[in-house]
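K.L.:
To start, I am sharing the structure in question, which I have written as structure tokens.
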Amino acid sequence: MLPVVVVHGGAGHVPRTRAEQSLSGVCSAARGGYAVLRGGGSSMDAVVEAVRILENDPHFNAGCGSVLNVRGDVEMDAIVMDGRTLSSGAVSAVRNIANPVQLARLVMDKTSHACLTAGGAQQFARSLGVPEVPQESLITEYSRMRWKKNLAPDANPVECQMGKMG
Amino acid sequence: TVGAVAVDREGNVACATSTGGMLNKMEGRVGDTPCIGSGGYADNQSGAVSTTGVGEAIMKVTLARLILFHMEQGQSVEAASDLGLAHMKSRVGGLGGVVTVDPQGRWAARFNSLQMAWAAGQNGTLHYGLYAGEDFTQSM
């Protein structure tokens with residue numbers, strides 16, 4: 001059995017101008033996750049590291065670079081699951097957190113719950129000393145441009161995000 | 001959305017998925033990502049899956065768990081992933097993509113959307129692609 005890590009960005013439409021950065025981003029994340037495995041780390045350590053790298057990459061819709069909701073705010077969701085024990089942890093509608101995947105792992109490791117949401121997740125993060133970041137640090141010019149474009153009454157955000165079938 | 005699945009030296013599988021959600025979503029909207037069996041699932045007895053796509057469609061078919069069910073029935077990682085995505089498309093009209101591993105280290109990156117950036121590291125080789133059918137490789 002050979003250790004492996006496989007990563008993905010969003011399914012949908014990747015504009016030509018962002019294709020190269022998207023490929024570069026997933027390759028960096030796969031390298032990061034694989035380095036963890038090669039160093040003897042667990043599969044859980046590897047997937048969290050790979051996703052952390054992608055969350056920090058502004059070319060992906062997660063962490064920095066997240067799309068905006070109708071009010072122009074960032075609300076993020078994340079999950080982790082461990083195949084040994086079926087342990088899992090998740091957060092939903094969290095704000096001001098740079099790496100929601102790490103918070104999801106803390107939910108798995110430190111609580112008996114499956115998912116913490118919104119203000120409760122925020123409070124949990126604070127209680128563990130997870131640093132909060134300004135909302136603005138998660139918002140890119142690209143995500144603001146797409147948000148503005150889809151405020152028009154005849155806009156179709158799902159089609160804009162998903163594009164055509166492959 | 002971003003995500004990852006992995007198998008370590010001991011044959012343990014895991015998944016992680018993270019997202020900002022849908023463009024211009026309603027405040028408070030939660031998609032598939034934090035839902036067990038939809039945004040991801042991992043079980044050493046079958047494998048691990050991370051999903052991306054239209055969250056409401058993924059939740060209706062619990063896509064990650066559905067793919068692992070097909071693997072439990074003997075399907076390969078590729079076939080199970082394609083069956084899950086095809087079921088989602090035909091049943092609820094949703095597009096998406098997945099990365100899948102089994103505990104033996106076999107893996108797949110499959111999608112029925114136009115594109116999905118993906119990459120995999122195994123045995124010192126990096127595989128990656130963006131359009132369906134692509135599998136570029138380079139040494140790590």
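K.L.:
Scanning for something modelled with pLDDT under 95 and of a type outside the set (A, V, I, L, M, F, W, C), does region A:50-71 turn up at least one residue?
P.N.:
Within region A:50-71 (the criterion being modelled with pLDDT under 95 and of a type outside the set (A, V, I, L, M, F, W, C)), the answer is no, since none of the residues qualifies.
K.L.:
Right, another one. When the residues of region A:25-36 are narrowed to those that are at the interface with another protein chain (Cβ under 7 Å from one of its Cβ atoms) and surrounded by fewer than 24 Cβ atoms within 10 Å (Cβ to Cβ), which ends up farthest from residue B:119 (Cα to Cα)?
P.N.:
Taking the candidates together, the pick is A:31.
K.L.:
Do you know which residues across region B:15-45 are in contact with a Phe, Trp or Tyr (Cβ under 8 Å, 6 or more places away or on another chain) and under 27 Å from residue B:73 (Cβ atoms)? Let's see the steps before the verdict.
P.N.:
Step one: filter region B:15-45 for residues in contact with a Phe, Trp or Tyr (Cβ under 8 Å, 6 or more places away or on another chain), giving B:15, B:23-24.
Across region B:15-45, the qualifying residue is only B:15.
K.L.:
Could you grab me the full set of residues in region A:75-89 that are surrounded by 24 or more Cβ atoms within 10 Å (Cβ to Cβ) and out of contact with any Asp or Glu (no Cβ under 8 Å at 6 or more places or on another chain)?
P.N.:
Passing the criteria: A:76, A:77, A:78, A:79, A:80, A:81, A:82.
K.L.:
Could we say that residue B:5 is at the interface with chain A (Cβ under 7 Å from one of its Cβ atoms) and in a loop (DSSP other than H, G, I, E, B) here?
P.N.:
Working: at the interface with chain A (Cβ under 7 Å from one of its Cβ atoms): yes; in a loop (DSSP other than H, G, I, E, B): no.
Criteria not met by residue B:5.
K.L.:
Then there's this: Can you name every residue in region B:16-34 that is touching a helix residue (DSSP H, G or I) at 6+ places or on another chain (Cβ under 6 Å) and at negative phi? Please lay out each step first, then the result.
P.N.:
Filtering region B:16-34 for residues touching a helix residue (DSSP H, G or I) at 6+ places or on another chain (Cβ under 6 Å) gives B:16, B:18, B:23-24, B:31-32.
B:16, B:18, B:23, B:31, B:32, listed by residue number.
K.L.:
When you scan region A:111-134, how many residues do you find that are part of a helix (DSSP H, G or I) and either polar (S, T, N, Q) or under 14 Å from residue A:82 (Cα atoms) (or both)?
P.N.:
3
K.L.:
A further question on this structure: If you check B:55, B:37, B:31, B:20, which single one turns out to be within 16 Å of residue A:69 (Cβ to Cβ), out of contact with any Pro (no Cβ under 7 Å at 6 or more places or on another chain) and more than 7 Å from chain A (Cβ to nearest Cβ)? Please lay out each step first, then the result.
P.N.:
On the way: B:37 fails: within 16 Å of residue A:69 (Cβ to Cβ); B:31 fails: more than 7 Å from chain A (Cβ to nearest Cβ); B:20 fails: more than 7 Å from chain A (Cβ to nearest Cβ).
None of the other options fit; the residue is B:55.
K.L.:
Would you check if there is a residue in region A:47-56 being of a type in the set (D, E, K, R) and surrounded by fewer than 23 Cβ atoms within 10 Å (Cβ to Cβ)? Steps first, please.
P.N.:
Residues of region A:47-56 that are of a type in the set (D, E, K, R), as a first pass: A:49, A:52, A:55.
Now narrow it down to the ones that are surrounded by fewer than 23 Cβ atoms within 10 Å (Cβ to Cβ): none.
No; the residues of region A:47-56 include none that is of a type in the set (D, E, K, R) and surrounded by fewer than 23 Cβ atoms within 10 Å (Cβ to Cβ).
K.L.:
State which residue is surrounded by the fewest Cβ atoms within 10 Å (Cβ to Cβ) when the search covers only region B:52-76 and only residues that are in contact with a helix residue (DSSP H, G or I) (Cβ under 7 Å, 6 or more places away or on another chain) and either in a loop (DSSP other than H, G, I, E, B) or aromatic (Phe, Trp, Tyr) (or both).
P.N.:
Looking at residues that are in contact with a helix residue (DSSP H, G or I) (Cβ under 7 Å, 6 or more places away or on another chain) and either in a loop (DSSP other than H, G, I, E, B) or aromatic (Phe, Trp, Tyr) (or both), I get B:75.
K.L.:
Hey, among the residues in region B:40-51 that are of a type outside the set (Gly, Ala, Ser) and crowded, with 17+ Cβ neighbours inside 10 Å, which one's nearest to residue A:90 (Cα to Cα)? Can you show your working first?
P.N.:
Residues of region B:40-51 that are of a type outside the set (Gly, Ala, Ser), as a first pass: B:41, B:43-45, B:49, B:51.
Now restrict to residues that are crowded, with 17+ Cβ neighbours inside 10 Å: B:41, B:43-44, B:49, B:51.
Details: B:41: 12, B:43: 17, B:44: 19, B:49: 15, B:51: 15 Å.
Here the answer is B:41.
K.L.:
Looking only at region A:84-113, how many residues end up being under 25 Å from residue A:60 (Cβ atoms), small (Gly, Ala, Ser) and within 10 Å of chain B (Cβ to nearest Cβ)?
P.N.:
Going through region A:84-113 one residue at a time, the tally reaches 6.
K.L.:
Of the conditions (1) at the interface with chain A (Cβ under 7 Å from one of its Cβ atoms); (2) modelled with pLDDT of 95 or more; (3) closer than 19 Å to residue B:4 by Cβ; (4) surrounded by fewer than 24 Cβ atoms within 10 Å (Cβ to Cβ), residue B:116 clears all except one; give me its number.
P.N.:
Only one criterion is unmet by residue B:116, namely (4).
The values are calculated or read from the model by the stated rules, or taken from the named source; none is laboratory data. Please read these numbers as outputs of a predicted model, since none were measured by experiment. Positions of Cβ are backbone-derived with ideal geometry, glycine not excepted, and every protein chain shown enters the neighbour counts.
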